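Novice: One structure follows; several queries about it will come next.
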Amino acid sequence: MNIPSSKALIKEKQEISSLRIFLLTSVTVILLILFWRMGEFKQDPFITETLSIQGESLSGSKLFKINCVGCHGISAQGFVGPDLHEATQEMSDKKIINQVIRGLTPPMPSFEIEPQSMADLLEYMHSLN
């Protein structure tokens, strides 16, 4: 009869524990990524409405000059905030809207803005490319 030693049993339990920790960590990371991605697919009524409106670049330019030049510069070249000339190529319109209305990256403040004004600002940003 071959009875495993206590050292062998302890080693086996440590290996099982390590495997469980690895599997639980992996599952947790995968679930977090899935929940995070699901949040991107959830439709925000403000974003949906804004994207359904045709913006006007001149109005967006005026809004930009009133609200944004302090951080992004008079011609959106960047100052405290980043250069915005390629923002619409690097980010989706949904992400840009979220950035403006939620101020996701400090020190950017959040802005309360009407859908038409947001569509105008977005159209202006597209004209910067």
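Novice: Name the single residue, out of those in region 1-50 being part of a helix (DSSP H, G or I) and hydroxyl-bearing (Ser, Thr, Tyr), that is modelled with the highest pLDDT.
Specialist: If we take residues in region 1-50 being part of a helix (DSSP H, G or I) and hydroxyl-bearing (Ser, Thr, Tyr), then 50 is modelled with the highest pLDDT.
Novice: Filter the helices (runs of 4 or more DSSP H) completely within region 57-102 down to those with at least 3 residues that are within 16 Å of residue 116 (Cβ to Cβ) and within 16 Å of the chain's Cα centre (by Cα).
Specialist: Result: 93-102.
Novice: Only residues that are aliphatic (A, V, I, L, M) and open to solvent by 40 Å² or more (accessible area, probe 1.4 Å): list them for region 70-96, please.
Specialist: Residues of region 70-96 aliphatic (A, V, I, L, M): 74, 76, 80, 84, 87, 91, 96.
Listed by number, the residues that qualify are 74, 80, 91.
Novice: State whether the residues of region 113-122 include one that is in contact with a helix residue (DSSP H, G or I) (Cβ under 7 Å, 6 or more places away or on another chain) and in a loop (DSSP other than H, G, I, E, B). Full working, then the answer.
Specialist: Taking region 113-122 as the starting set, the residues that turn out to be in contact with a helix residue (DSSP H, G or I) (Cβ under 7 Å, 6 or more places away or on another chain) are 113, 115, 117-122.
Within this subset, residues satisfying the condition of being in a loop (DSSP other than H, G, I, E, B) are 113.
Yes, region 113-122 contains a residue that is in contact with a helix residue (DSSP H, G or I) (Cβ under 7 Å, 6 or more places away or on another chain) and in a loop (DSSP other than H, G, I, E, B).
The values are calculated or read from the model by the stated rules, or taken from the named source; none is laboratory data. Values in this document were obtained by computation on a predicted structure and should not be read as measured data. Methodologically, a virtual Cβ is constructed for each residue, glycine included, from the backbone with ideal geometry; neighbour enumeration extends over all protein chains shown. Just the protein is used for accessible areas: all its heavy atoms, side chains included, with ligands, DNA and RNA removed. Shrake-Rupley method; radii C 1.70, N 1.55, O 1.52, S 1.80 Å.
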